[in-house]
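Below is one structure, written out as structure tokens; comments come after it.
The values are calculated or read from the model by the stated rules, or taken from the named source; none is laboratory data. Everything numeric in this text was worked out from a predicted model, so none of it was measured. Glycine gets a Cβ as well: all are built from the backbone with ideal geometry, and neighbour counts include every protein chain shown. Side chains are part of the model used for accessible areas, which takes the heavy atoms of the whole protein and leaves out ligands, DNA and RNA. Shrake-Rupley method; radii C 1.70, N 1.55, O 1.52, S 1.80 Å.
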Amino acid sequence: MPPDVAAAAHGIHCNFVREIIMQHCPSTVSEKPIVLTGDRPTGPLHLGHYVGSLRTRLRLQEDYRQFVLIADLQALTDNAENPSKVTGNVLAVAMDYLAVGIDPTKTTICIQSQIPELAELSMYLLNLVTVARLERNPTVKEEIHQRGFERTIPAGFLIYPVSQAADITAFKARYVPVGEDQLPMIEQTNELVRSFNRSYGDVLVEAEAILSRVGRLPGIDGKTKMSKSLGNTIPLSAEPDEIHRAVERMYTDPGHVRVSDPGKVEGNVVFTYLEAFEEDTLLVDELKTHYRRGGLGDRALKQMLEARLQEMLAPIRAYRHQLAQNPGQIIDIVREGTEVARQIAAGTLAEVRRALGLNYFCR
Ligand code: TRP
């Protein structure tokens, strides 16, 4: 190509990029503050996701510009040898979102790996954090321990908080609805934002967590947090008999042998779940008093919880069955969402490159 033609082509390309920035720069795309959150697609979503963040998202999508990211890159950081565990769950997670009421006309659903700008931003941010700081991240520390990694931790896993910071900042998200286990991620994100802006100029935006009313939901065994790999979850798509069996297996107070015995409410999973899902808080308080006094049996208590969960999950399951009839529609929703999201991230990345002086061909 003759040099002048090449230069003209570059000019067109740069104008095109500028146009995208003008059209999609988050600060101009809408007046509404931006919310971003995500989930690792390592299995179907469960009640822990619902309590920790999905419920909040349903509320937020009414008043904010919301993005929900299916974090497949992040999920690969500890599933490298088994990518199909990740890729095979992406559409199931999208379906779960839609089934609980995430509305694609209000919330943009997108796939992390299909937005390469997020990986690029991670590379720039990685230079602004030390290995020592990454090793101090409490969430990562706990996960390393849980997975028995210790020093054999994949480097990608150690740095996933930086990739998460890239997710949040590429969209210039102001709010991130998450469970409290994710607070260290937001803190680390904001450190990176401050460091980036100090070094290169004000481009990125600090974010704030929006925590749910209820803290972390324990697994039905009561010991740990809900996690698919521990087999102690109730998926949002659970069939009625699966819900029944899960409630039956739920950990209560082992000292509560006879109905007439006084029982313990603290650490009793049935009560934790009632607190999370029963809207009638007066009723829950009465049940607690009765249980502590004695005379309220586990069976009656579990029946009440089961009825509540069945009632709550029935419409979600029904809608999910309906959605599953037409997977093409789900793919379209996620593809379109990802395209929109990618343009926004590209706008931020154009600013980031310019701030770093990496805009060699678009001066
Ligand atoms: N770390 C989150 C989880 O394990 C998933 C996630 C990825 C995320 N990117 C994000 C959450 C950005 C909030 C914002 O559930």
**Prompt:** Can you name every residue in the stretch 47-70 that is over 20 Å from Leu217 (Cβ atoms) and either away from the ligand (no atom under 16 Å from the Cβ) or not aromatic (Phe, Trp, Tyr) (or both)?
**Reply:** Gln61, Glu62, Asp63, Arg65, Gln66, Leu69, Ile70
**Item:** helices (runs of 4 or more DSSP H) enclosed by the stretch 87-181 - at least 1 residues per element that are away from the ligand (no atom under 13 Å from the Cβ)
**Value:** 90-100, 116-126, 131-136, 138-146, 155-158
**Prompt:** Within the stretch 285-296, can you find the residues that are crowded, with 17+ Cβ neighbours inside 10 Å and not aromatic (Phe, Trp, Tyr)?
**Reply:** Leu287, Lys288, Leu296
**Request:** Would you check if there is a residue in the stretch 218-239 being within 13 Å of the ligand (Cβ to nearest atom), part of a loop (DSSP other than H, G, I, E, B) and open to solvent by less than 60 Å² (accessible area, probe 1.4 Å)?
**Result:** yes
**Complete:** Apart from one, (1) modelled with pLDDT under 95; (2) open to solvent by 60 Å² or more (accessible area, probe 1.4 Å); (3) in a loop (DSSP other than H, G, I, E, B); (4) of a type outside the set (A, V, I, L, M) all hold for Asn15; the odd one out is (3)
**Request:** Test Thr37 against the criterion of being under 28 Å from Phe149 (Cβ atoms) and touching a Gly at 6+ places or on another chain (Cβ under 6 Å), and give yes or no.
**Result:** no
**Asked** When you go through Asp280, Asp285 one by one, which is the residue that is farther than 30 Å from Lys172 by Cα and at pLDDT below 95?
**Response** Asp280
**Prompt:** Can you pull out the residues in the stretch 261-284 that are in contact (Cβ under 8 Å) with a residue 12 or more places away in the chain, assigned to a helix (DSSP H, G or I) and open to solvent by 10 Å² or more (accessible area, probe 1.4 Å)?
**Reply:** Thr272, Glu275
**Asked** Which one of the conditions (1) under 30 Å from Asp72 (Cα atoms); (2) touching an Asp or Glu at 6+ places or on another chain (Cβ under 7 Å) does Gly263 fail to meet, given that it meets all the rest?
**Response** (1)
**Asked** With (1) open to solvent by 40 Å² or more (accessible area, probe 1.4 Å); (2) within 30 Å of Leu230 (Cα to Cα) as the list, and Thr105 as the residue in question, which single condition is left unmet?
**Response** (2)
**Message:** Being open to solvent by less than 60 Å² (accessible area, probe 1.4 Å), under 12 Å from the mean Cα position of the chain (by Cα) and modelled with pLDDT of 95 or more is true for just one of Val51, Val100, Val86, Val93. Which residue is that?
**Reply:** Val93
**Request:** Give the residues of the stretch 239-269 that are within 25 Å of the chain's Cα centre (by Cα) and under 17 Å from Leu296 (Cβ atoms), sorted by residue number.
**Result:** Val269
**Item:** Filter result for Asn197 (more than 13 Å from the chain's Cα centre (by Cα), surrounded by 15 or more Cβ atoms within 10 Å (Cβ to Cβ), at pLDDT 90 or above and within 14 Å of the ligand (Cβ to nearest atom))
**Value:** no
